[in-house]
1. On the protein heavy atoms, probe 1.4 angstrom, tell me the percent of accessible surface of segment 174-221 carried by carbon and sulfur.
2. What whole-number value in Å² describes the accessible area per residue of the chain for a 1.4 Å probe?
3. Out of the chymotrypsin sites (Phe, Trp or Tyr not before Pro) in segment 108-210, which ones are loop residues according to DSSP with at most 15 other C-beta atoms within 10 Å?
4. What net charge is computed for the residues neighbouring L143, neighbours being all others with C-beta under 12 Å from the C-beta of L143, Lys and Arg scored +1, Asp and Glu -1?
5. So what is the calculated 222 nm ellipticity per residue for the chain, using -39500 (n - 2.57) for each DSSP H run with n of 4 or more, over all residues, to the nearest 500 deg cm²/dmol?
6. Just checking my list (1) 21.3, 69; (2) 24.5, 82; (3) 19.1, 61 against Rg and Dmax of the Cα atoms in Å computed from this structure; which label fits?
7. With springs only between Cα atoms under 10 Å apart, run a GNM on the chain and tell me which of R203, R13, R43 wobbles the most.
8. Based on the alpha-carbon set only, what is the convex hull volume of segment 116-173 divided per residue, in Å³?
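The values are calculated or read from the model by the stated rules, or taken from the named source; none is laboratory data. All figures in this text were calculated on a predicted structure; none of them were measured in a lab. With ideal geometry, Cβ positions are generated from the backbone for all residues, glycine too; neighbour counts draw on all protein chains shown. Ligands, DNA and RNA are stripped out before the accessible areas are found, and what is left, the full protein with its side chains, is counted by its heavy atoms. Shrake-Rupley method; radii C 1.70, N 1.55, O 1.52, S 1.80 Å.
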Amino acid sequence: MKVSSRSKRVTARDVALASGVSQSTVSFVLNSTPGQTIPDHTRDRVLEAAIRLGYVPNASAQILAGGQSRFVIIAMQDLPFGDIVSSFEQATVDDLLQQGFIPVLAPAHGSGDTSSLLALAATLRPAAVITAAPPSEADQQKLRQSGNPRILSTFSSHAALLEPFTATGEAQAQHLATRGHGEVGFVRTADPSLARLVDARMRGVEHGCTNSGVTFAGSIDWTDDLDSLARSLAVFLLDHPRTTAVAAYNDQVALAVMAAARKIGLDIPSKLAVVGADNLPMSRLVSPTLSSAAYEVEARAQRNFSDLILSGAEMDRAVRVKIAVVEREST
């Protein structure tokens with residue numbers, strides 16, 4: 001007998017049997033059907049069974065039946081992937097799943113490239129698209145041709161999205177100024193996809209230096225090669241002998257600077273202080289431990305994304321980000 005190598009697709013009937021409810025109840029829960037009152041314990045049981053069994057609704061069938069799928073695309077392409085984006089995505093995924101939506105993550109890389117978002121939207125015809133900043137008018141037109149989904153953007157504009165990056169640079173410079181440093185440099189990442197974000201953070205360091213009465217010495221690039229960075233750092237410090245501290249674009253760059261400093265015989269922080277950004281867990285595990293700018297995104301005074309999609313309400317984009325440097329041994 002020939003056995004198919006493909007596993008059987010999980011259906012709504014399988015979810016109904018596993019959760020002990022009717023197939024119509026499963027449909028009401030997974031589609032968040034208006035006008036249906038489903039007890040919370042029943043809804044939770046259905047969602048738990050759907051997740052456990054790996055149930056994936058048929059997108060084509062949903063589109064034909066209702067004109068629009070239950071998919072919601074989360075596209076943070078304007079931000080680099082990291083702990084903050086990951087936490088945001090996880091909270092959003094949990095919220096959407098509770099309301100019967102099917103979240104789909106587009107890659108987050110910071111370049112602003114929307115090709116993956118547009119390809120997903122054309123295939124899934126989503127109910128909504130969640131982005132960091134509003135898509136361009138051309139991209140919005142393409143999205144309208146993909147089922148006209150709700151577009152919910154956390155920041156009101158790309159300029160607003162860059163503000164926390166600039167503020168982080170200012171906080172780094174001010175921290176180094178309070179530690180008595182009179183001349184400060186900046187270490188960039190040479191990744192071209194992050195250029196907008198790196199420039200915004202360096203502008204913040206420059207502004208912070210100016211406001212604190214500190215000289216901004218300029219910048220050097222890190223290109224993922226430690227020996228090259230060590231040589232660049234040595235030349236930079238010879239050219240700027242009064243520079244006693246550097247702010248790095250993020251913690252990854254800061255750790256590279258610390259390794260490069262050790263290569264050229266500089267003690268941290270007595271000969272060179274280093275401050276990073278993002279406050280990643282690794283900053284507490286290295287020796288010396290790394291001082292780093294930390295973010296706290298204040299809770300939005302609004303409903304969850306799922307509520308906004310279901311109600312059609314407008315989004316309050318008043319996102320507030322608190323930034324403070326966590327002082328450790330490197331400064």
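1. Reported share for carbon and sulfur atoms: 44 percent.
2. Normalised by residue count, the accessible surface of the chain is 48 Å².
3. Taking segment 108-210 and a limit of 15 other Cβ atoms within 10 Å, no loop chymotrypsin sites (Phe, Trp or Tyr not before Pro) are found.
4. Local charge sum for L143: +2.
5. After summing the helix terms and dividing by residue count, I get -13500 deg cm²/dmol.
6. Computed from the coordinates, Rg and Dmax of the Cα atoms in Å corresponds to (2).
7. Most flexible of the set in this elastic network: R13.
8. Output value, Cα hull per residue: 81 Å³.
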